[in-house]
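To start, the structure under review is shown below, and the notes come after it.
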Amino acid sequence: GLKLPANERLQFLAGQYIDFLLKGGERRSFSMANAPHADELIELHVRQVAGGTFTDHVFSKMKERDILRLEGPLGSFFLREESAKPIVFVGSGTGFAPIKSILETAFHRNVTRSMVLYWGARRPKDLYLNALPEKWAREHANFKYVPVISEARAEDAWSGRSGFVHRAVMEDLPDLSQHQV
């Protein structure tokens, strides 16, 4: 979690992201994974990338209370509440972060539209918060969760959907014209 200076809040729409400003003018973008109504800390989902300038720093050198420069909120991926169309979320890996923010906001606001999440990963262990959408599916009649694994190994004992996540969506919903995706 990221904490802003005392008495500061980042006002953002669920689904938006921030850019970290690095030395030399480089930027790294990360979506907020928390819902805007739960903003004591900014929750980010960061996957360590081998040789990644920023993620190597985050995982090996960064300490509590280190100061980072950031810009945001940014982005136009957010819940369009004026529509009544069913919603289809498609994400892979840490692409779950902005979807988590949007879904937690939708549940908080008692959105009754039908919502389905297709979350793709190479291996089941890569669905790093798998229990959360499973819990949402149990608690919300209008929400369905479809995990999709592309490179399951025998030891994974995976019995769910396999292949690429976008293909699973196309198999289930060949016509998306009446959905928000």
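The values are calculated or read from the model by the stated rules, or taken from the named source; none is laboratory data. For clarity, every value in this text was computed on a predicted model and none was experimentally measured. Positions of Cβ are backbone-derived with ideal geometry, glycine not excepted, and every protein chain shown enters the neighbour counts. We work out accessible area using only protein heavy atoms, side chains counted, and drop any ligands, DNA or RNA first. Shrake-Rupley method; radii C 1.70, N 1.55, O 1.52, S 1.80 Å.
Of the accessible area of segment 39-79, with the probe set at 1.4 angstrom, what percent is carbon plus sulfur? Can you show the working numbers first?
Working: 1610 of 3040 Å².
C and S fraction of accessible area: 53 percent.
Could you check the spin-label model distance between residue 57 and residue 26? Points 7 Å from the Cα along Cα→Cβ, value in nm.
Roughly 0.8 nm, to one decimal.
Counting only heavy atoms of protein chains, what accessible area per residue, in Å², does segment 111-172 have with a probe of 1.4 Å?
Details: 3640 Å² over 62 residues.
Value returned for segment 111-172: 59 Å² of accessible area per residue.
Taking every DSSP beta bridge with both residues inside segment 28-181, roughly what % is antiparallel (nearest 5)? Let's see the in-between values first.
On the way: 1 of 17 bridges.
Bridges in segment 28-181 are about 5 percent antiparallel.
What is the Rg over Rh value, at two decimals, for segment 42-116, using alpha-carbon atoms and the Kirkwood definition of Rh?
Numbers: Rg = 16.2 Å, Rh = 15.1 Å.
Using Cα coordinates only, the ratio equals 1.07.
Counting only heavy atoms of the protein chains, get the accessible area per residue of segment 17-103 (1.4 Å probe) and round it to a whole Å² value.
Values: 4990 Å² over 87 residues.
That works out to 57 Å² per residue.
Shape verdict for segment 100-176, please, from the Cα gyration tensor: rounded (a/c under 1.5), prolate (a/b greater than b/c) or oblate. Working shown, then result.
On the way: a/c = 2.52, a/b = 1.52, b/c = 1.67.
Note, shape of segment 100-176 comes out oblate.
In whole Å, what are the Cα extents of segment 76-128 along the three principal axes, biggest one first?
Sorted from largest, the Cα extents of segment 76-128 read 36, 21, 16 Å.
On average over all directions, what projected area in square nanometres does the chain have, based on the convex hull of its Cα atoms? If you can, show how the numbers build up before the last one.
On the way: hull surface 49.1 nm².
One quarter of the hull surface, i.e. the mean projection, equals 12.3 nm².
Choose one answer from 42, 67, 149: the residue with the largest mean-square fluctuation in a GNM of the chain with alpha-carbon springs under 10 Å.
Most flexible of the set in this elastic network: 67.
Percent of alpha carbon pairs in segment 1-101 separated by more than 25 Å?
Details: 1115 of 5050 pairs.
More than 25 Å apart: 22 percent of the Cα pairs in segment 1-101.
From the phi of every residue in segment 76-86, what ³J(HN,Hα) in whole Hz does the Karplus formula 6.51 cos²θ - 1.76 cosθ + 1.60 yield, where θ is phi - 60° and glycine or proline is x?
10, 8, 8, 5, 9, 7, 7, 9, 10, 5, x
Of 61, 100, 125, which is the most mobile in a GNM of the chain whose springs link Cα atoms less than 10 angstrom apart?
Residue with maximal mean-square fluctuation among 61, 100, 125: 61.
Divide by every residue of the chain the summed helix terms, -39500 (n - 2.57) for each DSSP H run of at least 4, and state the resulting mean residue ellipticity at 222 nm, rounded to the nearest 500 deg cm²/dmol. Mind showing how you got there, number by number?
Details: 4 runs with 34 residues, N = 181.
One gets -5000 deg cm²/dmol as the mean residue ellipticity at 222 nm.
Considering only Cα-Cα distances, which of the following residue pairs are longer than 18 Å: 61/100; 100/144; 61/125?
From 61/100; 100/144; 61/125, over 18 Å: 61/100; 61/125.
Relative contact order (percent) for segment 1-103, with alpha-carbon contacts under 8 angstrom and 6 or more residues of separation?
Details: 151 pairs, mean separation 39.6, N = 103.
Dividing the mean separation by the residue count of segment 1-103 yields 38 percent.
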